[in-house]
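One structure is given below, encoded as structure tokens.
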Amino acid sequence: MKLSPTQNHPSFYRKQDIVYPVVSRRSGGVSIGINLSPSKKCNFACTYCQVNYHRLLEKAVLSTVSPKIDLDKLNKEVEETVKAVLSGEIFSEERFRETPFEQRVLRDFAFSGDGEPTLSPQFPDAVRLVAQKRDDLLHESVKLVLITNSTTFRNPQTIRGCDEIIERNGEIWAKFDGLNANVYHSINRSSIPFEMIIDNLIFASSRWPIKIQTMFLRNDKTIPSREEIASYIEILNRIASKGGNITGLQLYTVARPPVESNISALNQVEMDAIAEEVRKGTCLSTEVFYSR
């Protein structure tokens, strides 16, 4: 099956190891990814992750730290990728050729990649470097975005990096797939306790404005139940009641082909029904992103 630009997100570009452009559903245009985990180390093993296959091939394991990257190389790759996007050069390439005209605009730099970016010991340094490069080459309206699995918010280096992101006109997009503890463990498959993720979200949203992003999927033909959605709403309200500044929710489903064949996308009707329940139950601004 031919993938659309928003479904085709390999974390590499040309001969680069760290920086890669994608057409992002949630950004509404081109997002330049910063892969601080080229070794594919992560402390989650999500069922819907398309990286897991490569982890198996390369015998990568769940880990709490990622090897260091070359910051000079990061600097060079950011500059070269920005130039390719701004000149329109990338849209002559097969992967980007069918990008709609209105999405051919650079929206952000996203710290994401093949694993949890905040596990990198260079996370704060990389944020500072990319922020400065953004200021030198572009305008601050091109945002910095951290896409995180919410496991390390209390770590000093994560706090430093997140402080920098917010100070430099950035956003924090925090993953929370935990409709309840059972769903969390079955989807994210991490040894990190469910309640710790919730506590981290309370801590983070009390210090910074955050968006919460949640994956909804079909698992062995089973979709999220009403009870699971009710649990999810209760947890969101709990976070907000503790003073959490949740600026919005991003509810999305599978877009890129996952490794595991029992995982598939919810359809538009199913996603809209979930979003309506969540809006009614939380009064939070809620965006919905479908499979294409």
Top-ranked residue in the range 250-290 [being polar (S, T, N, Q), in contact with a Lys or Arg (Cβ under 9 Å, 6 or more places away or on another chain) and touching a residue at least 40 places away in the same chain (Cβ under 8 Å); ranked as farthest from residue 103 (Cα to Cα)]
262
Residue that is surrounded by the most Cβ atoms within 10 Å (Cβ to Cβ), among those in the range 221-248 that are under 25 Å from residue 260 (Cβ atoms) and of a type in the set (Asp, Glu):
228
Does any residue in the range 43-59 that is farther than 15 Å from residue 112 by Cα come within less than 7 Å, Cβ to Cβ, of a residue that is at pLDDT 90 or above and assigned to a helix (DSSP H, G or I) six or more places away or on a different chain, and which pairs are these?
47/187
Is there any pair with a first residue in the range 222-248 that is more than 19 Å from residue 174 (Cα to Cα) and a second that is among the β-branched types (Val, Ile, Thr) whose Cβ atoms are under 8 Å apart and which are 6 or more apart or on different chains, and what are they?
224/183; 224/274; 228/183
Enumeration of residues in the range 80-99 that are within 24 Å of the chain's Cα centre (by Cα) and small (Gly, Ala, Ser)
84
Yes/no for residue 263 being surrounded by 14 or more Cβ atoms within 10 Å (Cβ to Cβ) and within 26 Å of residue 171 (Cβ to Cβ)
no
Which one is farthest from residue 287 (Cα to Cα) among residues in the range 198-226 that are of a type outside the set (Asp, Glu) and assigned to a loop (DSSP other than H, G, I, E, B)?
221
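The values are calculated or read from the model by the stated rules, or taken from the named source; none is laboratory data. Quick caveat, the model's predicted, so the values are computed rather than measured. When we count neighbours, we look across all protein chains shown, and the Cβ atoms used for this are built from the backbone with ideal geometry, even at glycine.
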